[in-house]
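Data block below; observations after.
The values are calculated or read from the model by the stated rules, or taken from the named source; none is laboratory data. Everything quoted here is computed from the prediction, not taken from an experiment. Cβ coordinates were reconstructed from backbone atoms using ideal geometry, including for glycine residues, and neighbour counts include every protein chain displayed. Ligands, DNA and RNA are stripped out before the accessible areas are found, and what is left, the full protein with its side chains, is counted by its heavy atoms. Shrake-Rupley method; radii C 1.70, N 1.55, O 1.52, S 1.80 Å.
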Amino acid sequence: MITIASDFGSPYPAAMKGVLCQRTDARLVDVAHDFPRQDVRAAAFWLREVLPYFPPSTHLVVVDPGVGTDRNALVVRAGDHALVGPDNGVLQPVARRLAPETSLESFVVDESRLEPVEPTGVASSPQATLGRDDSSGPASNTFHGRDVFAPVAAAIHEAGRKSLESLAYLSPADETVDLELPDAAVEDGRAGGEVLVVDDFGNAITNVPGAFLEGRERIAANGELVPVGDTFAAVEPGERLATVGSHGYVELDVNQGRGDDAFGLTPGDQIVLEDRE
């Protein structure tokens, strides 16, 4: 199985899937292609929360604001999983979640040794090099998802995730870009953290552990009192509440509305939760 995640929207993921279908019969599963554009941290959070529910797989991730620069293309082996994507930190949080008890193994891709990607049946036509700069090698300067990451993901699936060393264009990485999602500071009756992401429903997901709400009927969120509920329906439609999401963190929400608007929060904003019983 190969999972595919990006911030591409449409139609760019189709080209990546076309390359994968040329080179492997693996089952392809779309995770999401509507991650916030160029938001490495948001993608890292969602991947950390979603990919551990998959069986051992190869995971293709393209959220790559540095495409075409000197950032490396990276493969990370995390237990029985392999992750393919840019070396910008997006792979690290989920890799640690997938293999919490083992050391991660990272490999750099030598892009110059990859077999060029061409449209099937028209390799000799002018359209075959559409979007290419021939002076830059086999890959487009702006679409490494198609020309670098998809071929590597297909090759890993075919070779086996335990056999990455057999791929001649992979070499051990001396160092990689890391990304640590921040932890909240929790003391008796007070938690200081931040909004990690806002989901499509408008739920403002913080980094405060859900255990902070245990036994509390209400809290102050940045000074404003709100009820604590186990479900959205614990309050009337349109009313605000604090609850624990499926990811285990405190969310600030509105029943049948948008918590980000009601609380005036965006990703990265600071949040202080306090016991006001």
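What to note about this one:
- For the stretch 160-188, the candidate set comprises residues that are touching a helix residue (DSSP H, G or I) at 6+ places or on another chain (Cβ under 9 Å) and among the small types (Gly, Ala, Ser); within that set, the residue that is nearest to ASN72 (Cα to Cα) is ALA168.
- Residue check for PRO100: at pLDDT below 95, surrounded by fewer than 22 Cβ atoms within 10 Å (Cβ to Cβ) and under 29 Å from ASN207 (Cβ atoms): yes
- In the stretch 199-223, of all residues being charged (D, E, K, R) and open to solvent by less than 60 Å² (accessible area, probe 1.4 Å), the one that is farthest from the chain's Cα centre (by Cα) corresponds to ARG216.
- Matching residues in the stretch 241-276 - criterion: being open to solvent by 40 Å² or more (accessible area, probe 1.4 Å) and either among the hydroxyl-bearing types (Ser, Thr, Tyr) or more than 28 Å from the chain's Cα centre (by Cα) (or both): SER246, TYR249, THR266, GLU274, ASP275, ARG276
- Search result, residues across the stretch 60-93 that are touching a residue at least 24 places away in the same chain (Cβ under 8 Å) and small (Gly, Ala, Ser): GLY68, ALA73, ALA78, ALA82, GLY85, GLY89
- Only one entry of GLU165, GLU158, GLU180, GLU194 meets the criterion of being open to solvent by 40 Å² or more (accessible area, probe 1.4 Å), of a type in the set (D, E, K, R) and outside the structural domain of LEU28 (by the TED database), and that entry is GLU180.
- In the stretch 225-240, the residue that is nearest to ARG48 (Cα to Cα) out of those that are in contact (Cβ under 8 Å) with a residue 24 or more places away in the chain and more than 27 Å from the chain's Cα centre (by Cα) is VAL226.
- Residue satisfying all of: in the stretch 49-65; among the hydrophobic types (A, V, I, L, M, F, W, C) and more than 9 Å from HIS81 (Cβ to Cβ); most open to solvent (accessible area, probe 1.4 Å) among these: VAL50
- Counting only strands (runs of 3 or more DSSP E) that fall entirely inside the stretch 1-66 and contain at least 3 residues that are at pLDDT below 95, over 26 Å from GLY245 (Cα atoms) and outside the structural domain of VAL198 (by the TED database), no element qualifies.
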